[in-house]
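Have a look at this one before I ask anything.
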Amino acid sequence: MSLSRISKSLVTRMILFGVLLVVSGALARYHFLGKFLREDLIAVVSAQQTALAKAVAGDVDHQLTMRWNTLSRLGDTFPLERLKQPEQLSDWLAERHLVNPVFLLGLVVADKQGRIIADYPAVPGRRGASISDYPDFVKALSGQGGIGKAQFGPFSGKPILPMGIPLRDKAGVVQAVLLGISALDSPAFLGPVFNGKIGQTGSYLLISPEDALFVAAGDPDLVLKKTPPVGVNLLHDRAMQGFRGAGVTINAKGVEELAAVADVPSTGWFVVARMPTAEAFEAVTRAQGRIVGYGIVAVIFVCGAIGLLFSILLRPLFSAADLAERMTQGELPLSPLPVIRDDEVGHLTGAFNRLLEKLSLTQAALERMAHHDPLTGLLNRNLLTDRMQQAFARARRSGSKVAVLFLDLDGFKPINDELGHEYGDAALVEVARRLSGLVRQSDTLARVGGDEFVFVIADLGVNGDEVVKKIAAKCIEVVSRPIELKHVAHSLGVSIGIAMSDGLSDPGQLLKAADLAMYVAKKNGRSCYAMAPESESVEGKA
């Protein structure tokens, strides 16, 4: 079987249809199941992420509050008299640090001029240095203590978070400032943010919206870096404006992730628990992969099953089609096809046999209908062309001439419009009968249009012009006789265009020349004939 037949085979189409159904179902499951699973996982994972974010935010808030309370208690018991005794003051700081070492990078005391007079643990270059222009010192000196801005320490070079409180005398006048310096990356402080993991690749962020700053992050490259500008991460933009909750977003690196946001009340910061959706929805991806795999197996099974089933069911049809093809090629005589089974294929074969019988009985009638006008029984345009070619061939062989008369009835339209098509058809039949009486055995009469006829006169001799004119006059005479329709006599006329050839011109051109001559007869008053000029009659001559 050729590839062309295979491509057009009913079995092939049924297999393709089955494959289409399986693939469509697989695609639908792939899309909708993935969508539903994704939505469910978003809800579940969002709840988990939110719980984790709140837990880490609560721990951060606890650590901040604990450090602030510790610093406040130290401020309440601070010995102002030791401000002029730096060594004794450093010993006092050391004792407090050993009891509760929450400020790993030290407790620092600065006088009103901003000079550091005592610290513990000591950091090289810190004691004696001036911090008068540091915002956290200035704020505490003005009497407004609080948690400072996360930054890189000017002396340690490490990420730090300073806290400061004013030290007042009994009159309430600020005499110095006590600072507590926490290491941001200390496991006991922000360790859950720096080291916490969510799944395999998820992590945390601690963000200060006031400073537009990443205070801490699981990604070291983000620590103390500016947050992305507006428009880069839409969920981050909402969080900076106060949104707290969870959602799917695209981060600054172009990675889609599921993130949850929770407040750190003591500072106005917020914690972000984030995880790439590729990991969060890994179960969805696996499920979709299984759907694809099962779909491929189903396609293979459907192809085999449908191919085998239809090959068996349609085997009689294939056999009948092969026999019918051989009959059309002339390899076998036309005969009824064998009916093997009494099913749809058998019914189709039986119907074909009955159709074949009917076609055999009506073949002659069909051939006549293909070459004759169904109304008048005259030749139609198809057979007229063949007869004209035969007449031209005889004219070339014998040296005779051929004349074409193009006849168009005059006064026919009023009959058709006033009496109706039924009587118009009756008039055409009568005209055809009268004209047929003028036809010799070698001539041809055909109806080529509504009220148009063509008369081909062949085997004309040297006096052909006179013969043709007499026949044209006779045509006018027989057509002009009244025709009785509805018991009323109606008169018709005919305009005739005549073109002649010696058989060397093109039949179609000669017919066209006769048609043009007929319009000349119409202009000359109708019910007459006109000869086509010789140049037009021979136009197209080889």
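State all residues of region 413-447 that are buried (at least 16 other Cβ atoms within 10 Å of the Cβ), under 59 Å from the mean Cα position of the chain (by Cα) and under 20 Å from residue 528 (Cα atoms); if no residue qualifies, say none.
Answer for region 413-447, where residues must be buried (at least 16 other Cβ atoms within 10 Å of the Cβ), under 59 Å from the mean Cα position of the chain (by Cα) and under 20 Å from residue 528 (Cα atoms): 446, 447.
What do you reckon, is residue 294 in a strand (DSSP E or B) and out of contact with any Cys (no Cβ under 8 Å at 6 or more places or on another chain)? Talk me through it step by step, then tell me what you get.
Working: in a strand (DSSP E or B): no; out of contact with any Cys (no Cβ under 8 Å at 6 or more places or on another chain): yes.
It is false that residue 294 is in a strand (DSSP E or B) and out of contact with any Cys (no Cβ under 8 Å at 6 or more places or on another chain).
Surrounded by 15 or more Cβ atoms within 10 Å (Cβ to Cβ) and part of a loop (DSSP other than H, G, I, E, B): is that true of residue 454 in this structure?
On the way: surrounded by 15 or more Cβ atoms within 10 Å (Cβ to Cβ): yes; part of a loop (DSSP other than H, G, I, E, B): no.
Criteria not met by residue 454.
Here is a further query. Report yes if residue 238 is in the same structural domain as residue 57 (by TED's automatic domain parsing), within 22 Å of residue 49 (Cβ to Cβ), without any contact (Cβ under 8 Å) to a residue 12 or more places away in the chain and assigned to a helix (DSSP H, G or I), otherwise no.
Working: in the same structural domain as residue 57 (by TED's automatic domain parsing): yes; within 22 Å of residue 49 (Cβ to Cβ): yes; without any contact (Cβ under 8 Å) to a residue 12 or more places away in the chain: yes; assigned to a helix (DSSP H, G or I): yes.
Here the answer is yes, as residue 238 does meet what is asked.
Give the residue that is modelled with the highest pLDDT, with candidates limited to residues of region 202-220 that are touching a helix residue (DSSP H, G or I) at 6+ places or on another chain (Cβ under 9 Å) and surrounded by fewer than 15 Cβ atoms within 10 Å (Cβ to Cβ). Quick ask: steps written out before the conclusion?
Start the filter on region 202-220 by keeping residues that are touching a helix residue (DSSP H, G or I) at 6+ places or on another chain (Cβ under 9 Å), which leaves 202-207, 209, 212, 214-218, 220.
Keeping just the survivors that are surrounded by fewer than 15 Cβ atoms within 10 Å (Cβ to Cβ) gives 212, 220.
Details: 212: 93, 220: 89.
Going through the qualifying residues, I end up with 212.
Any residue at all in region 274-284 that's assigned to a loop (DSSP other than H, G, I, E, B), closer than 16 Å to residue 206 by Cβ and touching a Phe, Trp or Tyr at 6+ places or on another chain (Cβ under 8 Å)? Walk me through how you get there before you give the answer.
The first filter runs over region 274-284 and keeps only residues assigned to a loop (DSSP other than H, G, I, E, B), leaving 281.
In the following step, the residues that additionally are closer than 16 Å to residue 206 by Cβ were identified as none.
No: zero hits.
Listed residues 508, 464; which is in the same structural domain as residue 396 (by TED's automatic domain parsing), surrounded by fewer than 21 Cβ atoms within 10 Å (Cβ to Cβ) and under 60 Å from the mean Cα position of the chain (by Cα)? Let's see the steps before the verdict.
Details: 464 fails: under 60 Å from the mean Cα position of the chain (by Cα).
When all the criteria are applied, what remains is 508.
A further question on this structure: State which residue is modelled with the highest pLDDT when the search covers only region 313-346 and only residues that are outside any helix (DSSP H, G or I) and among the polar types (S, T, N, Q). Walk me through it before giving the result.
Let us first name the residues in region 313-346 that are outside any helix (DSSP H, G or I), namely 314, 329-343.
Filter once more, keeping what is among the polar types (S, T, N, Q): 329, 335.
On the way: 329: 80, 335: 76.
Restricting to residues being outside any helix (DSSP H, G or I) and among the polar types (S, T, N, Q), the top hit is 329.
Give me the residue from region 184-198 that is touching a helix residue (DSSP H, G or I) at 6+ places or on another chain (Cβ under 7 Å) and in contact (Cβ under 8 Å) with a residue 40 or more places away in the chain and, out of that set, surrounded by the fewest Cβ atoms within 10 Å (Cβ to Cβ).
My answer is 196.
Per-residue answers, yes or no, for (1) modelled with pLDDT under 90; (2) loosely packed, with under 13 Cβ neighbours inside 10 Å:
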| position | (1), (2) |
| --- | --- |
| 200 | yes, yes |
| 222 | no, no |
| 229 | no, yes |
| 264 | no, no |
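If you scan region 107-139, which residues turn out to be more than 21 Å from residue 81 (Cα to Cα), crowded, with 19+ Cβ neighbours inside 10 Å and of a type outside the set (A, V, I, L, M, F, W, C)?
126, 134, 136
Among the residues of region 122-175, how many are of a type in the set (Phe, Trp, Tyr) and in a loop (DSSP other than H, G, I, E, B)?
First, the residues of region 122-175 that are of a type in the set (Phe, Trp, Tyr): 134, 137, 152, 155.
Next cut, in a loop (DSSP other than H, G, I, E, B) only: 134, 155.
Total meeting the criteria: 2.
The values are calculated or read from the model by the stated rules, or taken from the named source; none is laboratory data. Quick caveat, the model's predicted, so the values are computed rather than measured. Cβ: placed from backbone, ideal geometry, glycine included. Neighbour counts: every protein chain shown.
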